[in-house]
1. Of the listed peptides 21-34, 230-243, what is their order by residue-averaged count of other C-beta atoms within 10 Å, with the highest listed first?
2. Kindly flag which residue pairs out of Lys183/Lys393; Lys33/Lys407; Lys183/Lys311; Lys273/Lys311; Lys68/Lys273 have an alpha-carbon separation exceeding 18 Å in this structure.
3. Rounded, prolate or oblate: which fits the stretch 331-436 when a ≥ b ≥ c are the square roots of the eigenvalues of the alpha-carbon gyration tensor, with rounded for a/c under 1.5 and prolate only if a/b beats b/c?
4. Among DSSP beta bridges lying fully in the chain, give the percent that are antiparallel, nearest 5.
5. So how much slack lies between Ala345 and Lys243, counting 0.36 nm per residue of separation and subtracting their Cα-Cα distance, in nm?
6. Provide the per-residue ³J(HN,Hα) series for the stretch 122-130, in order, calculated from phi with Karplus coefficients 6.51, -1.76, 1.60 and θ = phi - 60°, each as a whole number of Hz, with x at glycine and proline positions.
7. Return the loop-located trypsin sites (Lys or Arg not before Pro) in the stretch 117-184 (DSSP other than H, G, I, E, B) with at most 15 other Cβ atoms within 10 Å of their own Cβ; answer none if there are none.
8. At a 1.4 Å probe radius, which order do Val125, Val384 fall into by accessible area, largest first?
Amino acid sequence: MSALTLFRNVTHWRTGERLTLAVEDGVVVPAPKHPGAHARVFEARGAVVAPGLVDPHVHLREPGQSAKETIETGTRAAAAGGFTAVACMPNTDPVVDTAAWVEWVRRRGEAAGHCEVLPIAAVTVGQRGERLAPLDALARAGAVAFSDDGHPVTNAAVMRHALEYARPTGLPIICHEEDPGLKADGVMHEGFTATRLGLRGIPGAAESVMCRRDADLAELTGGRVHLAHLSHSASFDALRDAKRRSLAVTGETCPHYWVLTDEAVGDYDTSAKMNPPLRSEADREACIAAIVDGTVDCFSTDHAPHTADEKSRPFSEAPFGIVGLETALALTLTYLVEPGHLVLARAIELWTEAPRRVLGLTPVSLEPGSQADLVLFDPKEAWVVDPESFHTKGRNTPFAGWRLRGKVLVTMREGRITHTADEVVFERPVAEESAR
Ligand SMILES: [Zn+2]
């Protein structure tokens, strides 16, 4: 039996109610009137408690790329960021395109124990966009979605068949939308900054034309399409339009698209190089508008660690991607909630219930009987982003030195504490002890 844990004076993320949350044996339990001396108590002083965050799009880099990240370090970073579950992309080495590799990733996640690891399996063998991977077997092995992330499925007939074969599994295909012809050898958003720096641009349409195509293929097949990491105004329009047509199409966006524009590339800063690229101010505003009007179904980080060596190459040669797990919540609170774009409850929903819905996961709540996957955070506490203190191996963030608000205090997964901030101290109940 695991000991009783009490979080006293927490604020419920949705109702705003002050309460005592009790956890025992991995589940939320009714708060007892007289906790025994064996209980541990955290005096939360009004900190917000919410279900643990869920990231539907991360790169944990294993198997094969452990210099960038491991399942151990990536999930440790997730716990530090308040996440209790992450879905990881299969563009590893080798590609996760067999049931055995799905199983391997899941088990390695369990062994690390920092958060739930939900493998996403490849759509095509080797992510080569040609032959379909064994989607049914991958689903039975525990894959939560299919994706050739990192590469688009260029051939529309292949995507059609993938959607047809994925349909009976009930799982979505997560689409990295990018027309390879339009992208060509572009390295950042096509616009003024690219021209100033003499870098080749990627037009926004490279993303949106593929969003339109896949929405039409969802209609043709009845399969489920989830549009990954949307960045461009016309892509949000495509998602909005797909919903108007009642298609099985959902979509996500990431904090960097509502916080930054292509100007963050500054003077060839590779920590602002990701794919899709940071875009224009109009795109950033369209991103926020699509979050506010409910077009965006959920958030993701697209956490993509690389080594310092790789990121110190010239801009055109450095790999795409930034880390995101340890800054996601604070960027949400600082840039969506504080300016009044979203109320706190909706912002948290987009990191909790919403990705669970998209991935078809069991709901988690704070009600007695629910699995105790939760995060406690102080929405007002300011901190400065220091990549050297990250738990991820990646240091590639454009937010180094930024002062953000919103600090994760405790993360708990199935009743086990997976992260505590330095200042968090658990105590024994005092008053009850003398009562005998
Ligand atoms: Zn991608």
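1. Numbers: 21-34: 16.3, 230-243: 22.6.
Ranked by mean Cβ neighbours within 10 Å, highest first: 230-243, 21-34.
2. Flagged as over cut-off: Lys183/Lys393; Lys33/Lys407; Lys183/Lys311.
3. Working: a/c = 1.77, a/b = 1.27, b/c = 1.39.
Oblate, since a/c reaches 1.5 and b/c is not below a/b.
4. Antiparallel bridges: around 50 percent, rounded to the nearest 5.
5. Here the answer is 34.4 nm.
6. Result, rounded to whole Hz: 5, 7, 10, 4, x, 6, 8, x, 10.
7. Arg128, Arg131
8. Values: Val125 30, Val384 80 Å².
These residues rank, largest area first, as Val384, Val125.
The values are calculated or read from the model by the stated rules, or taken from the named source; none is laboratory data. Since this is a predicted model, take the numbers as computed values, not measurements. Note that we place each Cβ from the backbone using ideal geometry, even for glycine, and neighbour counts take in every protein chain shown. In case anyone asks, the SASA skips ligands and DNA or RNA and just uses the protein heavy atoms, side chains included. Shrake-Rupley method; radii C 1.70, N 1.55, O 1.52, S 1.80 Å.
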